[in-house]
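The values are calculated or read from the model by the stated rules, or taken from the named source; none is laboratory data. All values derive from a computational prediction rather than experimental measurement. Ideal geometry is used to build each Cβ from the backbone, glycine not excepted, and the neighbour counts take in all protein chains shown. Accessible surface areas use protein heavy atoms only, side chains included; no ligands, DNA or RNA. Shrake-Rupley method; radii C 1.70, N 1.55, O 1.52, S 1.80 Å.
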Amino acid sequence: MRGVFVDANEALAVIMERLGKPGDPEVRIHRDPDIKPEQYPEVLDGAEIAIVDHTALPTEVAKTCTGLKHVVFLGTGARSYMNPEELAELGISVHLIKGYGDTAVAESAIALMWASARVIAMMDREMRVGNWLREDGMQLTGKTLGLIGFGGIAAEVARIAVGSGMKVIAWNRSPKSHPGVEFTDLDTLLARSDVVSLHLLLNDETRGMITREKIFAMKPGVILINTARAAVVDETAMIDALKSGHIRHAGLDVFNIEPLPGDHPLTKIPNVTLSAHSAFRTPEASENLIEAAWVHCRRIVKG
């Protein structure tokens, strides 16, 4: 049984080579992070395992990938790139990797929260063109942070936020408890939170979950952070709320279109801090990610 890392950037390729062990299944590394979906059949060349970083795998393309039985997706957000149920009907199993970057993503969410509260990016932009912009920021000590969704990343965000003197409340679809965190219903969270941070997987239940009504149920002047998936939020409603000031500032790492076009409305709004879907990108997280990919490959081959 053979595998191919179909869209490896150089950094991940080097880690993949280094973490391989004697007796591991054969995995060929295709060093091209920018392959097109239609290239899958050629790149895989009959291999049974595809290791995929970020390249979309449409079901119609998967039908043409002779021999493909397993997709090891490097992350949890496979639904943004493929339809696991449709692939399953073709006999292709999709394997996810969870927890590898919990701390990395949590630190990025916290960084976006602080940058948003103190409008650092806005002042930086203005100073670079000669404007001495001095803006009052939001002091976060004593403020309430509301976490929508509570998995490993949200737990790390809570740890850091509690340590910085914030009150942390959370909503989760299934009951949970966590030290220092008060769990409540979603309406209460929206009404009480000075900062709302999203930590939801994207699926049929969460797609579009943060509707216009929910956005305008948030406290006026709220800060919104999204390091999860853009599609959980009504983007048009969020933009309207940013323009009106109902959302004081948004810190966003994820977008409906990636890479984000230069003429996208979000690039024209001053009270938004943007990062290029890079919350998970640290050397530590990459090591965890590729080690987990190897574990999947070894388990698949052993049956």
Enumerate the helices in the chain for which the Kyte-Doolittle hydropathy averages -0.5 or more and the C-alpha atoms extend at least 24 Å along the helix's axis, using complete DSSP H runs.
283-302
Counting only protein heavy atoms and using a 1.4 Å probe, what share of the accessible area of the stretch 1-116 belongs to carbon plus sulfur, as a whole percent?
50 percent
Excluding near-sequence neighbours (fewer than 8 apart on one chain), the stretch 118-268 holds lysine pairs with C-alpha atoms under 28 Å apart numbering 16
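Over all distinct Cα pairs, what is the inverse of the mean 1/r for the stretch 182-261, reported as the Kirkwood hydrodynamic radius in Å? Spell out each step's value before the answer.
Numbers: mean 1/r = 0.0784 Å⁻¹.
Taking every pair of different Cα atoms in the stretch 182-261, averaging 1/r and inverting gives 12.8 Å.
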What distance in nm separates the simple spin-label points at residue 287 and residue 45, each placed 7 Å from Cα in the Cβ direction?
3.2 nm
Under 28 Å Cα to Cα from residue 69, which lysines show up? Leave out anything in the same chain fewer than 8 places away.
21, 36, 98, 302
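Within 10 Å of each candidate Cβ there may be at most 16 other Cβ atoms; applying that plus a DSSP loop requirement, which GluC sites (Glu not before Pro) in the stretch 54-153 survive?
On the way: sites: 60, 85, 86, 89, 107, 126, 135; in loops: 135.
Listed in order of number, the matching sites are 135.
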Measure out, as a whole number of angstrom, how far apart the alpha-carbon centroids of the stretch 142-219 and the stretch 17-46 sit.
38 Å
How are the C-alpha pair distances of the stretch 114-242 spread across 5 Å bins, as whole percents from the shortest bin up?
2, 10, 19, 22, 19, 14, 8, 4, 2, 0, 0
So what is the diffusion coefficient of the chain in µm² per second by Stokes-Einstein at 10 °C and 1.306 mPa s, using a Kirkwood Rh over Cα pairs?
77 µm²/s
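Out of the GluC sites (Glu not before Pro) in the stretch 192-270, which ones are loop residues according to DSSP with at most 12 other C-beta atoms within 10 Å?
Details: sites: 205, 213, 235; in loops: 205.
Answer in residue order: 205.
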On the protein heavy atoms, probe 1.4 angstrom, tell me the percent of accessible surface of the stretch 145-271 carried by carbon and sulfur.
53 percent
Kirkwood Rh over alpha-carbon pairs of the stretch 1-151, then Stokes-Einstein at 37 °C and 0.692 mPa s: what D in µm² s⁻¹, rounded to an integer?
177 µm²/s
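Only sites in a loop by DSSP and with at most 10 other Cβ atoms within 10 Å count here; which chymotrypsin sites (Phe, Trp or Tyr not before Pro) in the stretch 126-176 make the cut? Before the final figure, lay out each step's value.
Numbers: sites: 132, 150, 171; in loops: 132, 150.
Sparse-neighbourhood loop chymotrypsin sites (Phe, Trp or Tyr not before Pro): 132.
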Using the heavy atoms of the protein chains alone and a 1.4 angstrom probe, what is the accessible area of the stretch 252-303 per residue in square angstrom?
53 Å²
For the pair residue 276 and residue 125, the simple spin-label estimate (label points 7 Å beyond Cα toward Cβ) gives in nm 1.7 nm
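Provide the per residue accessible area, probe 1.4 Å, for the stretch 128-238, rounded to a whole number of square angstrom.
On the way: 5290 Å² over 111 residues.
Value for the stretch 128-238: 48 Å² per residue.
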For the stretch 1-90, alpha-carbon Rg and Dmax in angstrom:
12.5, 36
